[in-house]
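**Student:** One structure is given below, represented as structure tokens, and several questions about it will come after.
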Amino acid sequence: MGETAPAWSELPGTDDRVHSLQTLEQTKVVVVAFTCNSCPYAVDAEDRLNALVDRFADKSVAVVAINVNKVEEDRMPAMKQRAKEKGFKFAYLWDESQQIAKEYGAKYTPEFYVLDEDRKVVYMGAMDDSPAGDEVTKTYLIDAIEATLAGREVQVTETIPIGCRIRIERQRRTR
């Protein structure tokens with residue numbers, strides 16, 4: 001919390017473009033969502049992510065979803081299909097190296113990070129207090145975005161994300 005967020009570069013997107021954090025330098029707030037196709041919690045968040053993009057469309061907020069899982073249903077061809085089916089309004093990127101999730105310390109899908117204009121992490125954790133989005137009483141992510149845009153301190157800076165474990169490949173040790 002409060003540290004400069006790790007930057008990504010050269011990540012392929014479902015839009016057939018290559019993306020980096022640097023291309024968003026004119027944006028006041030960046031929301032990074034670690035997600036995937038195969039986790040039911042992540043799937044439940046997809047429509048809410050599209051709604052988030054709509055809510056902040058004219059407020060200099062960028063939403064970027066990053067998938068690092070390597071199972072077949074989470075690879076780029078499936079990501080492109082999912083993005084098209086759901087009409088994603090946000091960049092959906094794939095990091096085959098899984099490095100960016102490791103650098104952020106992301107462990108679950110979905111897991112969210114809010115970056116301020118200086119690209120400091122001002123919030124990390126869950127979207128809200130309802131994994132399925134059906135009984136939301138606390139809107140952690142929206143609150144963090146609104147506070148950051150208004151130049152106020154984020155009140156709740158960290159929550160526990162609820163979702164599926166990110167499938168980080170294990171490295172075999174050698175002797």
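The values are calculated or read from the model by the stated rules, or taken from the named source; none is laboratory data. Note that this is a predicted model, so its numbers are computed, not measured. Backbone-built Cβ (ideal geometry, glycine too); neighbour counts: all protein chains shown. Note: areas computed on protein heavy atoms with side chains; ligands, DNA, RNA excluded. Shrake-Rupley method; radii C 1.70, N 1.55, O 1.52, S 1.80 Å.
**Student:** Given 127, 147, 166, which one lies farthest toward the positive end of the charge dipole of the stretch 125-175, if we put +1 on the Cβ of every Lys and Arg and -1 on the Cβ of every Asp and Glu?
**Tutor:** 166
**Student:** Over 10 Å intervals from 0, what percent of Cα-Cα pairs in the stretch 97-175 sits in each interval?
**Tutor:** P(r) for the stretch 97-175, in whole percents per bin: 18, 42, 28, 9, 3, 0.
**Student:** Let me ask something additional. Just check the stretch 52-137 against the gyration tensor rule for me: Cα atoms, a ≥ b ≥ c as the square roots of the eigenvalues, rounded for a/c under 1.5, and otherwise prolate or oblate depending on whether a/b exceeds b/c. Don't skip to the answer; put the middle values down first.
**Tutor:** Values: a/c = 1.40, a/b = 1.20, b/c = 1.16.
It comes out rounded by the Cα gyration axes.
**Student:** Using the crude model of +1 on Lys and Arg Cβ and -1 on Asp and Glu Cβ, and no other charge, please compute the dipole size for the stretch 35-78 relative to its Cα centre, in debye to 20. Intermediate results must be reported in sequence, preceding the final value.
**Tutor:** Values: 5 positive and 8 negative charges, 38 e Å.
Charge dipole of the stretch 35-78: 180 debye, to the nearest 20.
**Student:** Here is a further query. For the chain, calculate the relative contact order in percent as a whole number, restricting contacts to Cα pairs under 8 Å that are 6 or more residues apart. Display every interim value, and only then the final one.
**Tutor:** Numbers: 348 pairs, mean separation 49.0, N = 175.
Taking the mean separation of contacting Cα pairs over the length of the chain, I get 28 percent.
**Student:** Also: In debye to the nearest 20, how big a dipole does the chain give about its Cα centre with +1 on each Lys and Arg Cβ and -1 on each Asp and Glu Cβ?
**Tutor:** Numbers: 24 positive and 30 negative charges, 153 e Å.
I would put it at about 740 debye.
**Student:** Under the Cβ-under-4.7 Å rule, which cysteines of the chain stay unpaired?
**Tutor:** So far as the 4.7 Å Cβ criterion goes, 36 stand without a partner in the chain.
**Student:** Related question: Of all the accessible heavy-atom surface of the stretch 23-175, with the other protein chains kept in place and a 1.4 Å probe, what percent is carbon and sulfur? Write out the running numbers ahead of the final one.
**Tutor:** On the way: 3780 of 8310 Å².
With neighbouring chains kept in place, the figure for the stretch 23-175 is 46 percent.
**Student:** Calculate how steeply helix 40-55 sits against the longest principal axis of the alpha-carbon atoms of the chain, using the helix alpha-carbon long axis, and give the answer as 0 to 90 degrees to the nearest 10.
**Tutor:** 40
**Student:** Now for a separate question. Cβ neighbours within 10 Å, averaged per peptide: list 63-72, 161-170 in order, most packed at the top.
**Tutor:** Details: 63-72: 21.3, 161-170: 15.3.
The most tightly packed comes first, giving 63-72, 161-170.
**Student:** So, one more: Calculate one ³J(HN,Hα) per residue across the stretch 101-113 by plugging θ = phi - 60° into the Karplus curve 6.51 cos²θ - 1.76 cosθ + 1.60, and present them in order as whole Hz with x for glycine and proline.
**Tutor:** For the stretch 101-113, the Karplus curve yields 5, 4, 5, 6, x, 5, 10, 10, 10, x, 9, 10, 9 Hz.
**Student:** Any idea what log10 I(q)/I(0) is at q = 0.12, 0.14 Å⁻¹ for the stretch 1-103, Debye with uniform C-alpha scatterers and no solvent?
**Tutor:** Cα-only, vacuum Debye calculation for the stretch 1-103: -0.37, -0.51.
**Student:** Need one number: convex hull volume per residue for the chain, Cα atoms only, in Å³. Mind dumping the intermediate values first?
**Tutor:** Values: hull volume 21.3 nm³, N = 175.
Cα-based convex hull of the chain, divided per residue, equals 122 Å³.
**Student:** Separate question: Which order do you get for 85, 153 if you rank them by accessible area with a 1.4 Å probe, largest at the top? Intermediate values should be presented prior to the final figure.
**Tutor:** Working: 85 115, 153 150 Å².
The most accessible residue leads, giving 153, 85.
**Student:** Which peptide among 116-124, 9-17 comes first, and what is the full order, when sorted by highest mean count of other Cβ atoms within 10 Å? Could you put the intermediate results ahead of the total?
**Tutor:** Details: 116-124: 18.3, 9-17: 14.9.
Highest to lowest by the protection proxy: 116-124, 9-17.
**Student:** In addition: May I ask which of 28/89; 28/120; 70/107; 70/102; 80/120 have a Cα-Cα span longer than 22 Å here? Mind showing how you got there, number by number?
**Tutor:** Working: 28/89 18 Å; 28/120 11 Å; 70/107 15 Å; 70/102 14 Å; 80/120 30 Å.
Pairs exceeding the cut-off: 80/120.
**Student:** I'd like the orientation of helix 140-149 relative to the chain: the angle between its Cα long axis and the longest Cα principal axis, in ° from 0 to 90, rounded to 10.
**Tutor:** On a 0 to 90 degree scale, this one is about 60.
**Student:** For the stretch 63-113, what does the relative contact order come out to in percent, with C-alpha contacts under 8 Å and a separation of six or more?
**Tutor:** Working: 36 pairs, mean separation 23.1, N = 51.
Worked out over the stretch 63-113, it gives 45 percent.
**Student:** With every protein chain left in place, what is the accessible area per residue of the stretch 1-150 in square angstrom, probe 1.4 Å? Provide the component values of the computation, followed by the final result.
**Tutor:** Numbers: 6980 Å² over 150 residues.
It amounts to 47 Å² per residue over the stretch 1-150.
**Student:** Additional query: Let me check against my output: what whole-number percent is the relative contact order of the stretch 92-175, with C-alpha pairs under 8 Å and at least 6 apart?
**Tutor:** Values: 106 pairs, mean separation 26.3, N = 84.
Answer for the stretch 92-175 is 31 percent.
**Student:** Can you give me the angle between helix 76-86 and the longest principal axis of the chain, using Cα atoms only, in degrees from 0 to 90, rounded to the nearest 10?
**Tutor:** 40
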